[in-house]
1. Test residue 112 against the criterion of being closer than 27 Å to residue 19 by Cβ, hydrophobic (A, V, I, L, M, F, W, C) and in contact with a Pro (Cβ under 6 Å, 6 or more places away or on another chain), and give yes or no.
2. Mind listing whichever residues of region 29-47 are open to solvent by 10 Å² or more (accessible area, probe 1.4 Å), of a type outside the set (D, E, K, R) and free of Cβ contacts under 8 Å to residues at least 40 places away in the same chain?
3. Considering only residues that are under 30 Å from residue 218 (Cβ atoms), assigned to a helix (DSSP H, G or I), in contact (Cβ under 8 Å) with a residue 12 or more places away in the chain and not hydrophobic (A, V, I, L, M, F, W, C), which ones fall in region 125-160?
4. If you scan region 161-182, which residues turn out to be outside any helix (DSSP H, G or I), open to solvent by 70 Å² or more (accessible area, probe 1.4 Å) and not charged (D, E, K, R)?
5. Could you grab the pairs with beta carbons closer than 9 Å, sequence gap of 6+ or different chains, first residue in region 95-115 and within 21 Å of residue 209 (Cα to Cα) and open to solvent by 20 Å² or more (accessible area, probe 1.4 Å), second one modelled with pLDDT under 95 and of a type in the set (A, V, I, L, M)?
6. Give 198, 157 a once-over and let me know the one that is open to solvent by less than 50 Å² (accessible area, probe 1.4 Å), among the basic types (Lys, Arg) and over 11 Å from the mean Cα position of the chain (by Cα).
Amino acid sequence: MLEQLKKEVYEANMLLPKYNLVTFTWGNVSGVDRDAKLFVIKPSGVPYEDLTPDDMVVVDFDGNKVEGKLNPSSDTATHAVLYSNFPTIGGVVHTHSSFATSWAQAGRDIPCYGTTHADYYYGDIPCLRVLTGEEIDEGYEKNTGILIVNEFARLGRDPEAVPAVLCKNHGPFAWGKDPVDAVHSAVVLEECAKMAFRTELINPKVAPAPQVLQDKHYYRKHGANAYYGQGGTK
């Protein structure tokens with residue numbers, strides 16, 4: 001079942017250690033088949049060097065295992081909520097990458113200080129509130145996803161324009177059009193987090209990049225009038 005998607009999700013998971021986004025088993029990637037209303041995700045707690053495509057687990061949008069000999073990631077319920085509520089995404093990544101997680105532990109949004117950030121994310125990358133004790137007890141992973149969805153709606157943030165989020169005291173989630181694109185977002189998130197940290201060390205009074213510059217860089221890569229790369233006009 002979903003053999004090609006299993007292969008794609010496996011290969012995307014193997015990119016996490018390649019790009020130094022995970023230590024030990026601290027991360028997972030999933031990919032969705034919208035027609036089947038199923039997604040494939042990394043099994044829980046299995047070292048990356050031991051994984052094979054056949055180890056990937058198929059689950060439904062309620063987080064129930066449909067196929068697989070291993071248990072799915074402990075973060076499966078979060079992925080399920082994101083797929084159910086963000087209909088344009090095709091892949092989700094969760095890591096505990098050092099710099100992004102440091103911003104999450106500090107409880108701070110990552111401001112847009114420059115054009116690298118603006119190329120990929122429209123505005124700051126939000127850090128959400130910590131879950132309440134009741135939310136943690138009644139369904140930690142599911143409520144993590146619900147919080148992300150509800151806060152994006154409350155803040156008026158477009159999940160395509162801001163394909164990442166920080167969960168306070170926890171870490172980052174990122175997403176994209178497919179599993180590899182989601183990993184790409186997670187890599188960029190970590191680099192932006194790193195650069196923002198260093199920027200504030202160099203200049204503690206630094207201000208975000210001017211909005212006109214942010215708009216220029218974001219919209220030259222995204223939207224109807226984008227011209228970056230080989231797909232648009234020069």
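The values are calculated or read from the model by the stated rules, or taken from the named source; none is laboratory data. In this text, all values refer to a predicted model and were calculated from it rather than measured experimentally. Here Cβ is always computed from backbone atoms with ideal geometry, including for glycine, and neighbour counts include all displayed protein chains. Each accessible area value is taken on the protein alone, full model and side chains, heavy atoms only, with ligands, DNA and RNA left out. Shrake-Rupley method; radii C 1.70, N 1.55, O 1.52, S 1.80 Å.
1. Yes.
2. 36, 38, 44, 45, 46, 47
3. 144, 145, 151
4. Once the filter is applied, which keeps residues that are outside any helix (DSSP H, G or I), open to solvent by 70 Å² or more (accessible area, probe 1.4 Å) and not charged (D, E, K, R), region 161-182 yields only 169.
5. Final answer for the pair search is none.
6. One residue alone meets the criteria, 157.
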